[in-house]
Amino acid sequence: MSNEIHSELKKEFQLERMILFSDAVFAIAITLLVIEMKIPEIPRELLSDAALNESLNHLIPKFIGFFISFMIIGLYWTVHHRLFGFVTNYDQRLLWLNLFFLMAVALMPFSTGFYSEFVFRLLKSPVIIYVINICFLGIMNFILWKYVSNPKRKLTEGLSQPLARYYAYRAIAIPIIFFAMALAYLFIPQYAVLIPMLIPMIMKAIFTRMKKKLILAKEIKL
């Protein structure tokens with residue numbers, strides 16, 4: 001009996017280590033986003049409100065990139081938090097899948113900085129790299145949901161298949177929106193860059209419909 005208790009406590013401790021490590025990666029990635037927004041440096045002889053305002057205007061793309069990526073990372077953190085609220089066991093494959101998911105999170109500060117610096121110059125490379133990062137993030141999160149929700153693996157408690165399917169599709173919706181943005185960017189780049197700012201409204205519209213089709217409303221906790 002004591003061996004079973006010891007084994008259960010050890011399993012809980014290892015699972016908690018994985019969750020704490022994941023939270024740390026999310027926190028560091030969100031913190032690093034703001035590093036790209038440096039305080040303007042203006043020579044003392046040229047210092048004025050007009051000069052400061054002009055410098056701040058140059059930072060607008062970085063603020064936009066920060067806001068979008070902050071919300072995306074925050075959204076995926078809440079989804080990850082919700083996922084591991086169901087997880088009661090783990091295996092080696094889950095550890096690696098979670099690690100690859102965190103790799104996508106850790107890349108966000110770089111892809112965001114690259115995107116913010118050049119996107120309004122209507123260059124394709126920054127958009128491609130940023131969209132690939134978002135797609136990688138969403139696909140890995142989708143795979144995580146599908147993996148842990150498989151009843152044969154016995155990794156969760158209280159997670160029904162309809163509920164897992166709902167959250168899996170919710171996780172991958174953002175990459176689909178960004179992929180649509182990348183396609184639009186090829187033809188109308190000046191408008192395509194504004195699509196990410198519509199994500200909250202698009203997500204609300206999509207999931208109002210999905211909620212009714214996938215599971216009962218009482219089973220969803222948004």
Exposure of Arg153 as accessible area (Å², to 10), given a probe of 1.4 Å and all protein chains:
80 Å²
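Once every DSSP H run of n ≥ 4 in the chain is given -39500 (n - 2.57) and the sum is divided by its residues, what mean residue ellipticity at 222 nm do you get, rounded to the nearest 500 deg cm²/dmol? Could the numbers behind the result be given before it?
Numbers: 7 runs with 167 residues, N = 222.
Taking each H run of at least 4 residues, the total per residue is -26500 deg cm²/dmol.
How much net charge surrounds Ala171 when only other residues with a Cβ under 12 Å from its Cβ are counted (Lys, Arg +1; Asp, Glu -1)? Spell out each step's value before the answer.
Details: positive: Arg82, Lys146, Arg165, Arg170; negative: none.
That works out to +4.
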For region 56-145, dividing by residue count, accessible area per residue (probe 1.4 Å) in Å² works out to 47 Å²
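So between Thr208 and Phe70, what do we pick up on full extension, going 0.36 nm a residue minus the alpha carbon distance? Walk me through the numbers before you get to the answer.
On the way: separation 138, 0.36 × 138 = 49.68 nm, distance 2.35 nm.
Computed gain between Thr208 and Phe70 is 47.3 nm.
Shape verdict for region 11-50, please, from the Cα gyration tensor: rounded (a/c under 1.5), prolate (a/b greater than b/c) or oblate. Show your work: numbers first, answer last.
Numbers: a/c = 8.73, a/b = 7.07, b/c = 1.23.
Prolate, since a/c reaches 1.5 and a/b exceeds b/c.
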Once both axes come from the Cα atoms, what is the angle between helix 199-214 and the longest principal axis of the chain, in degrees from 0 to 90, rounded to 10?
20 degrees
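Under the classification rounded if a/c is under 1.5, otherwise prolate if a/b is larger than b/c and oblate if not, where does region 43-196 fall, given a ≥ b ≥ c as square roots of the Cα gyration tensor eigenvalues? Walk me through the numbers on the way to the answer.
Values: a/c = 3.09, a/b = 2.20, b/c = 1.40.
Prolate, because a/c is 1.5 or more and a/b exceeds b/c.
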Using only Cα atoms and rounding to the nearest 10 degrees, what angle (0 to 90) does helix 161-185 make with the longest principal axis of the chain?
20 degrees
Taking the chain, the lysine pairs whose C-alpha atoms sit under 21 Å apart (8 or more places apart or on different chains) add up to 17
Pick from Thr78, Thr208, Thr31: which residue has the top mean-square fluctuation in a GNM of the chain where Cα pairs under 10 Å get a spring?
Thr208
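The values are calculated or read from the model by the stated rules, or taken from the named source; none is laboratory data. Just so it is clear, the structure is predicted and the values come from calculations on it, not from any experiment. Neighbour counts run over all protein chains shown; Cβ positions are idealised from the backbone, glycine included. Please note that ligands, DNA and RNA were not included when accessible areas were found on the heavy atoms of the full protein model with its side chains. Shrake-Rupley method; radii C 1.70, N 1.55, O 1.52, S 1.80 Å.
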